[in-house]
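Step one of this worksheet: look at the structure below.
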Amino acid sequence: MKAKCILEIVQEGQSALTMRPYEAVCYNRKLLTNNRSILDFKYYDSRFIQYYEDPADIDWDWVKDNTLVDYGYQGDFSPEFLWKDFAKYL
């Protein structure tokens, strides 16, 4: 909970999101990831999420920056929301 930035490293060719982006959004943390799918994520915001292909391209000043992170999360990933969404299909 004290982390200001979450690091995600996925295997080459992975296209699905892991839990890391969801954690970043729920806890208002920066996310550093090599998962290209992040660019299509509903909450993608380049101020808070940095995508990299080569570790040499990581902007360490961005990682160290203490900018307040706020994705405007509205509870989309909560069990209550998921249940309501599931119930629509019953």
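The values are calculated or read from the model by the stated rules, or taken from the named source; none is laboratory data. Just so we're clear, the structure is a prediction, and the values are computed from it rather than from any experiment. All Cβ positions, glycine included, derive from the backbone under ideal geometry; neighbour counts span all protein chains shown.
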Considering each residue of the range 11-41, count those that are on the phi < 0 side of the Ramachandran plot, out of contact with any helix residue (DSSP H, G or I) (no Cβ under 9 Å at 6 or more places or on another chain) and in contact (Cβ under 8 Å) with a residue 24 or more places away in the chain, and give that number.
-> 5
When you go through V10, V63 one by one, which is the residue that is surrounded by 13 or more Cβ atoms within 10 Å (Cβ to Cβ), over 12 Å from the mean Cα position of the chain (by Cα), at pLDDT 95 or above and assigned to a loop (DSSP other than H, G, I, E, B)?
-> V10
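Test of understanding: among L17, L90, L82, L39, which residue is assigned to a helix (DSSP H, G or I), among the aliphatic types (A, V, I, L, M) and at pLDDT below 95?
Exactly one residue qualifies, and that residue is L82.
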